[in-house]
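The values are calculated or read from the model by the stated rules, or taken from the named source; none is laboratory data. The model shown is predicted, which means the values in this text are computed figures rather than measured ones. As a convention, Cβ positions derive from the backbone with ideal geometry for all residues, glycine included, and neighbour counts pool all protein chains shown.
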Amino acid sequence: MKCDFCGRWFSEDEARKECRGCAVFGGCKNVKCPYCGYEMPREAGWVRWLRTRKEKRS
Amino acid sequence: MPGRCHSSAAPQADPSLRKIVLVGNPNVGKSALFNRITGTYVVVSNYPGTTVEVSRGRLRLGSTDVEVEDTPGMYSLLPITEEERVARDILLESHADAVLHVVDAKNLKRMLPMTLQLIEAGLPVVLVLNMIDEAERLGVRIDTDRLARSLGVPVATTAALTGRGVKELIARLGEAGRGRTLPEIYYGPEVEAALARVEPLVPARAGLCPRALALLLLQGDERLEETLGLSAADVERMAEARREVERRAGAPASLLIPERLHDEAARLADEVFRAPEAGRVTWVERLSKWMMHPVTGLPILAVVLYYGLYKFVGGFGAGTVVDFLEGHVFETYVNPWVNDAVTRWIPWRWLQDLIALDYGVITLGLRYAVAIILPIVGTFFIAFSIIEDSGYLPRLAMLVDRLFKAIGLNGRAVIPMTLGFGCDTMATMVTRTLETTRERIIATVLLALAIPCSAQLGVILGMMSAEPRAMAVWAGFVIGVFLLIGWLTARILPGEPPMFYMEIPPLRLPRPGAVAVKTLTRMQWYFAEILPLFLLASVLIWLGKITGLFDAAVSGLGVVMGWIGLPKEAAVAFLFGFFRRDYGAAGLYDLQSRGLLTGNQLAVAAITLTLFVPCIAQFLVMQKERGTKTALAIAGFVFTFAFGVGALVNVVLTALGVKL
């Protein structure tokens, strides 16, 4: 996914590592950019499902 | 002066070409090019000891097979993510005969710093300007011959998706590593002096040339220290060299080195890259520059705030939508029906109070959450997602960088400050991304004091949208307090003003789908968090009423309300505010809609509540991030200061005879 602040790309797995040491342990539904620390909403399950379907079709 | 690394044993071209490695930023078409080169013979496996996938394939060149490896996306030789660490390790260990640096031709300037790093590292680089078809369609012109001469490496143009230029690229692979002439980049006296001390400590035959490795070590690459097996004494020498650079240059090497690379890349790009003469791209670029320039950027910011927050969140969200849900749906239908049903069917007064009437979980907790906070937060999240998706935030960071330096921060602090408008608690955790402890403390104080959360801000804007003069007083005081306290804190805490540097991603039109998804996700998360808390707050208030503690606290706080010129009923809102800021703001909204506040009182209440002590969640995070002593000190200061400023505003307005 792409960071909305710095514009860099990273994988959600990579971003999940940023949740270590956080008080809410990723329970906030946010993704933290490993490059700049900006937090943005994690892709919801239904959005991922739709995107995967679209990608498969194309 | 030719680079020292460049004279080292260069890998020979055909027929001894044995291994090719592809590197580059994510999303530049690297994998598409890899597939074009290798065809179907591809093996995907995890890099040893990691979950990062690496693809390997073969390219048939005449009668020989050449191994081709596709690395995970990387932005720099200094890794931050595991993918980047793997890509860097491959470069260190693979001893490739050709390193194809694949870049997006449209964004050459942003990608050249890594090209410079790779060449500087003594690698046999071939620069591949991919997506050249898209660049040409946009009217971009690149002088590839001049670029090749300046860099001293072969430069090829490709469109990997269509296959254009791939054959020519393959034909030129043999040129990799020949005739490199890139002059050594000069990093300034402080860094160069440190390099002279650090370079002899780097072991020979470490994959990259010693100067490049020394540059990485100077930037604090701990992983590289491990990989190179440096002794504890050498690690300490490296750390001392880093401290020395920071002492002498006033900025860390981790900032000075990328900045210098960026300048060099910008100079090169200016020589060889021609953007389209006219059209949409140029207009967007111009707008982007205006957004960052103080003269034009501040009016643009004012327009964004006026329409995005004041009109949309304050006017539409907190006005129109709340009026409908609160005034029409709840006050006309839900609350009367619930009150009636409860008093009719439940004989016990204590249970009636818990469910309905003045402070019941439905008539107060649910009403606050659904009818007041949700529409406000929803409209705020829509506005915020549009701003975020357009790429405006990094430009805002550049705009406020100079102003923030006066208060001991820099443009990077825009990240926690902006997130603070969403939720101060989360933003307090994000302060850890700031470079120094000093910056983190300043940012934490300002978040606790002068940054209202989304619900608080929306409620305040909603209440004041009909009272523009009270709003002006509120905005003036809050901005003034933000700057004054930031300035004072920066004077009290010792330290140098930090530097800030970032690459600006392109500006774009917000995508409706992305905005909708972000807004819904944020609303879903926010509502799931606040609803139970609001209901719990109602239960606690109910308990407080049964035990008499609530009334005692309200009458105690009522005295303080008197000091700042507010009616004693306002004590209830402030008591709610202890629990959660947005709950307190909703209480204030209730008071105002019942006509209990004059214009002056509205300004005083809004200012005090904005500066008010952080909610319980924020206090706990402050305690975790900054320690109990600092958290208590911040909370104690904020609490006293908020009421002090409230009293001052009241006195000033009364003394001047101002009636808002």
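Go through region B:353-368 and give me each residue that's assigned to a helix (DSSP H, G or I) and modelled with pLDDT of 85 or more.
Across region B:353-368, the qualifying residues are B:Asp353, B:Leu354, B:Ile355, B:Val361, B:Ile362, B:Thr363, B:Leu366, B:Arg367.
Given (1) within 20 Å of B:Val303 (Cα to Cα); (2) more than 14 Å from chain A (Cβ to nearest Cβ), identify the lone condition not met by B:Thr437.
Single failed check for B:Thr437: (1).
Out of B:Phe330, B:Phe380, B:Phe324, I need the residue that is hydrophobic (A, V, I, L, M, F, W, C) and within 23 Å of B:Ala475 (Cα to Cα). Which one?
Residue meeting the stated conditions: B:Phe380.
So which of B:Val295, B:Val304, B:Val313 is over 26 Å from B:Phe550 (Cβ atoms), modelled with pLDDT under 90, among the β-branched types (Val, Ile, Thr) and assigned to a helix (DSSP H, G or I)?
B:Val313
Quick grid of which residues meet (1) within 23 Å of B:Val321 (Cα to Cα); (2) within 14 Å of chain A (Cβ to nearest Cβ):
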residue: B:Asn335; (1), (2): yes, no
residue: B:Val338; (1), (2): yes, no
residue: B:Trp350; (1), (2): no, no
residue: B:Ile355; (1), (2): no, no
residue: B:Arg367; (1), (2): yes, no
residue: B:Val377; (1), (2): yes, yes
residue: B:Glu388; (1), (2): no, yes
residue: B:Arg402; (1), (2): no, no
residue: B:Ile415; (1), (2): no, yes
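Which helices (runs of 4 or more DSSP H) sit wholly inside region B:156-230 and have at least 1 residues that are more than 35 Å from the chain's Cα centre (by Cα) and on the phi < 0 side of the Ramachandran plot?
B:166-172, B:189-198
Identify, from the list B:Phe574, B:Phe550, the residue that is within 14 Å of B:Ala642 (Cβ to Cβ) and among the aromatic types (Phe, Trp, Tyr).
Going through B:Phe574, B:Phe550 in turn, just one is within 14 Å of B:Ala642 (Cβ to Cβ) and among the aromatic types (Phe, Trp, Tyr): B:Phe574.
Suppose the filter is modelled with pLDDT of 75 or more, part of a helix (DSSP H, G or I) and exposed (fewer than 12 other Cβ atoms within 10 Å of the Cβ); does A:Arg16 pass it? Write out each step before concluding.
On the way: modelled with pLDDT of 75 or more: yes; part of a helix (DSSP H, G or I): yes; exposed (fewer than 12 other Cβ atoms within 10 Å of the Cβ): no.
Considered against the rule, which asks whether it is modelled with pLDDT of 75 or more, part of a helix (DSSP H, G or I) and exposed (fewer than 12 other Cβ atoms within 10 Å of the Cβ), A:Arg16 comes out as no.
What is the residue count in region A:19-37 for residues that are within 7 Å of another protein chain (Cβ to nearest Cβ), within 11 Å of the chain's Cα centre (by Cα) and modelled with pLDDT of 85 or more?
Count: 1.
Looking only at residues in region B:411-457 that are among the polar types (S, T, N, Q) and surrounded by 23 or more Cβ atoms within 10 Å (Cβ to Cβ), which one is nearest to the chain's Cα centre (by Cα)?
The selected residue is B:Thr431.
Identify all residues within region B:59-93 that are buried (at least 17 other Cβ atoms within 10 Å of the Cβ) and farther than 18 Å from B:Asp221 by Cβ; write none if there are none.
Passing the criteria: B:Leu59, B:Val66, B:Glu67, B:Val68, B:Glu69, B:Asp70, B:Gly73.
Looking at (1) modelled with pLDDT under 90; (2) among the acidic types (Asp, Glu); (3) closer than 30 Å to B:Lys289 by Cβ, which is the only condition B:Asp389 fails?
For B:Asp389, the failing item is (1).
Applying the selection to region B:574-608, what residues are of a type in the set (A, V, I, L, M), surrounded by fewer than 24 Cβ atoms within 10 Å (Cβ to Cβ) and part of a helix (DSSP H, G or I)?
Across region B:574-608, the qualifying residues are B:Leu575, B:Leu591.
Would you point out which residue out of B:Arg247, B:Arg242, B:Arg223 is loosely packed, with under 13 Cβ neighbours inside 10 Å and not β-branched (Val, Ile, Thr)?
Just one listed residue meets the conditions, B:Arg247.
Are any residues in region B:231-271 part of a loop (DSSP other than H, G, I, E, B) and either over 30 Å from the mean Cα position of the chain (by Cα) or without any contact (Cβ under 8 Å) to a residue 40 or more places away in the chain (or both), and if so, which ones?
Hit for region B:231-271 is B:Ser231, nothing else.
Could you list, in sequence order, the residues of region B:45-83 that are over 23 Å from B:Gly174 (Cβ atoms), more than 11 Å from every other protein chain (Cβ to nearest Cβ) and of a type in the set (A, V, I, L, M, F, W, C)?
B:Val54, B:Leu77, B:Leu78
State whether the residues of region B:2-12 include one that is part of a loop (DSSP other than H, G, I, E, B), modelled with pLDDT of 75 or more, away from chain A (no Cβ under 14 Å) and within 27 Å of B:Thr157 (Cβ to Cβ).
For region B:2-12, residues part of a loop (DSSP other than H, G, I, E, B), modelled with pLDDT of 75 or more, away from chain A (no Cβ under 14 Å) and within 27 Å of B:Thr157 (Cβ to Cβ): absent.
Quick one: which of B:Leu399, B:Leu403, B:Leu393, B:Leu374 is of a type outside the set (D, E, K, R), under 12 Å from the mean Cα position of the chain (by Cα) and assigned by TED's automatic domain parsing to the domain that holds B:Phe312?
B:Leu393
Would you mind listing the helices (runs of 4 or more DSSP H) fully within region B:448-552 where at least 2 residues are at pLDDT below 85 and within 14 Å of chain A (Cβ to nearest Cβ)?
In region B:448-552, B:512-547 are the helices (runs of 4 or more DSSP H) which contain 2 or more residues that are at pLDDT below 85 and within 14 Å of chain A (Cβ to nearest Cβ).
Would you please name the residue that is surrounded by the most Cβ atoms within 10 Å (Cβ to Cβ), looking only at residues in region B:498-541 that are in contact (Cβ under 8 Å) with a residue 60 or more places away in the chain and among the polar types (S, T, N, Q)?
Result: B:Ser538.
Suppose we filter B:Gly595, B:Gly584, B:Gly657, B:Gly558 for residues that are touching a residue at least 12 places away in the same chain (Cβ under 8 Å), over 32 Å from the mean Cα position of the chain (by Cα) and either farther than 27 Å from B:Ile441 by Cα or in the same structural domain as B:Leu434 (by TED's automatic domain parsing) (or both); which single one remains? Outline the logic, then answer.
Values: B:Gly595 fails: touching a residue at least 12 places away in the same chain (Cβ under 8 Å); B:Gly584 fails: over 32 Å from the mean Cα position of the chain (by Cα); B:Gly657 fails: touching a residue at least 12 places away in the same chain (Cβ under 8 Å).
After applying the criteria, what remains is B:Gly558.
It is to be established whether one or more residues within region B:51-67 are among the acidic types (Asp, Glu) and under 17 Å from B:Gly29 (Cβ atoms).
no
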